[in-house]
1. Of all residues in segment 292-322, which are in a loop (DSSP other than H, G, I, E, B) and open to solvent by 70 Å² or more (accessible area, probe 1.4 Å)?
2. Pick out the one residue from Ala438, Ala506 that is modelled with pLDDT of 85 or more, of a type outside the set (Lys, Arg), open to solvent by less than 40 Å² (accessible area, probe 1.4 Å) and part of a helix (DSSP H, G or I).
3. Which residues, counting only those in segment 540-556, are open to solvent by 90 Å² or more (accessible area, probe 1.4 Å) and within 40 Å of the chain's Cα centre (by Cα)?
4. If I go through segment 410-435 residue by residue, how many of them are assigned to a loop (DSSP other than H, G, I, E, B) and within 25 Å of the chain's Cα centre (by Cα)?
5. What is the one condition in (1) surrounded by 11 or more Cβ atoms within 10 Å (Cβ to Cβ); (2) modelled with pLDDT under 85 that Glu603 does not satisfy?
6. Being aliphatic (A, V, I, L, M), more than 32 Å from the chain's Cα centre (by Cα) and either assigned to a loop (DSSP other than H, G, I, E, B) or exposed (fewer than 13 other Cβ atoms within 10 Å of the Cβ) (or both) is the filter here; which residues of segment 557-590 pass it?
7. Looking at segment 398-422, which of the residues that are closer than 18 Å to Ala532 by Cβ and touching a Pro at 6+ places or on another chain (Cβ under 9 Å) is most open to solvent (accessible area, probe 1.4 Å)?
8. Could you please let me know if Ile272 is buried (at least 19 other Cβ atoms within 10 Å of the Cβ) and out of contact with any Gly (no Cβ under 8 Å at 6 or more places or on another chain)?
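The values are calculated or read from the model by the stated rules, or taken from the named source; none is laboratory data. Computed from a prediction, not measured in an experiment: that's the story for all the values here. Positions of Cβ are backbone-derived with ideal geometry, glycine not excepted, and every protein chain shown enters the neighbour counts. For the accessible areas, the whole protein counts, side chains as well, though only heavy atoms, and no ligand, DNA or RNA atoms are used. Shrake-Rupley method; radii C 1.70, N 1.55, O 1.52, S 1.80 Å.
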Amino acid sequence: MFDSLLFYLMITLVVGIASQWTAWRFRLPAIVVMSVAGLLIGPLFGWFNPKDVFGDLFGPIISAAVAIILFEGSLNLDFREIKTVRQPIRRIVTLGAFIAWIAGSLAAHYVAGLSLAVAFVIGGLFIVTGPTVILPLLRQAKLKPRTAAILKWEGIVVDPFGALLALFAFELIKFFTGEVTAATFINFLFGSAFAVVLGVVFGIGLGKALEKGRVPEYLKSPAVFVVVIACFTIADEAMHETGLLAVTAMGMVMANMHISSIKDMRHFKENISILLISTIFIMLTASLTRETLMQIFDFRIIAFVLIMLFVVRPLSIWLSTVGTDMTKQEKTLVGWIAPRGIVALTVSGYFAQSLFEAGYEDASLLTPLTFALVFSTVVAHGFSIGWLAKKLNLASTDKPGVLLIGGNTFTAKLGKTMQDLNIPVLVADESWQGLHSARQANLPVYHGEILSESTEYHLELTRYEYMIAATSDEAYNALVCSTFVPEMGRVNLYQIAAGPERTETAKEFNKTVGGKVLFDSSAHYQALTSRAADYVFRKTELTDRFRYDKYLKELEENTLLLFIVKQSGKLEFYTRDVSPKGEAGDTIVSLMPPVKEIAKAKEKIAEQRRGG
């Protein structure tokens, strides 16, 4: 249709991001929407085939993107996160992976009809559950930290080992058939070790350069990505498919150096990762042919996929975690969730071609077999993870929670009111004395600095969707809100004004950094803490007869509107710029004067009328 490479690149990016937005808007699994979108523009409607359009650039683009995604994911692998799940993770990525390899290979041979040689190659590849598919699912399901950590670590650590295990099986086959010598096989082992050492050296070198200020701030992100590509390319040129191992080692080393610069770039790296995941998922699914799609309906392939889903995966998890402290619920969920993704799709193509050229004609089935497993697991696990996690009590509560920063009388009474509405709430303060009011109200509290790096390892943040920074320091409130933008999104971050007078600088300050300023101009820190001592937190439910406009008309003087609890459980706060409107079924929470004050006000009004 068009000859412009730029045009097709634009289409790929637009479709990828549109798929992400559609998934967010309609609460669908993002990877499912992206896969369907890729199939629609590729083999189904035939608009274009990225493999044909991008030509020789197709492979390098996919490889570089996978390397960056895997590196970004491995930067989250801080060993402090797995203190309580270190043994299960170690078992799953070693014994569990081995069981999955053997069982998957036997299934490929006896069920899918592949030769033993080809089956053991593809069986090694199918142990992968990489960050491109696991991380979006974890973001969607909001699992409890322990279960999420197990799935995340397995996905990122096993991802390069799956490709390496497939390569190991391939080299082993060539060794036993006499195609390669023992020296060549030993070179494979040395090549793998070289990739790990290279990743460690690159990670330490770059980490120290960043920490000692040898890279200017504006060059830090570009430098990191250039070094990642360099590390991946050097290892991959030394031995094919070891680049993924190198960048994983590099990311893990840097994650455990606790470099502040890396944390500062977190938001940027996550954005790049989401963009790349969207793009390459579209490119890979759109590059499939209709012939490949028709092959996946072969009875043998369908039977193989079912066995991988309901036998191989659960078996590998339950057997490998015997004697660990994993609960039955955790084993059930982890034993079900194992979506395959980009690494499986890309690497299987390489082995399909190599094995076919080596005389294994059944290798032509590898591409449809891989796509059938990838698409089936993406759909099955994408739509079931949230439901199953809730059934097993491994997901956060249905209602979005609120994290209150700053212990004082206002946050204590506000938190108590929210708790009465079954809204999860937590009051955090570095001062134990500051948490006195919250503790007296029997509210959950966190004693510590919310901005401390160690907080994320001691505090379960997944259940809290909203944050209110309510300390007496407006700059600190803004800093807290800005820090949590990547986790909660700017629309869910709020703060209160510190004093009655807000300068123009402070107003502009909150437009660019910090959270949205709550309530009206009279609701600053001193006023709120003072009112909280005497005023009443009132909950009013709207009905078809008692609508929002009537509620406003009957509102007592000096009443402060705080927030609305929608029927869906969503919270809408009153801010300086936005005043939400209630509907029937919603509950409005307000801070109103005590009964005595209301009576005095009414009496004063009556006297004025009599006097008039």
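1. Within segment 292-322, Phe297, Val322 meet the criteria.
2. Going through Ala438, Ala506 in turn, the sole match is Ala438.
3. The answer is Glu541, Asp544, Arg547.
4. 2
5. (1)
6. Ala584
7. Gln419
8. Considered against the rule, which asks whether it is buried (at least 19 other Cβ atoms within 10 Å of the Cβ) and out of contact with any Gly (no Cβ under 8 Å at 6 or more places or on another chain), Ile272 comes out as no.
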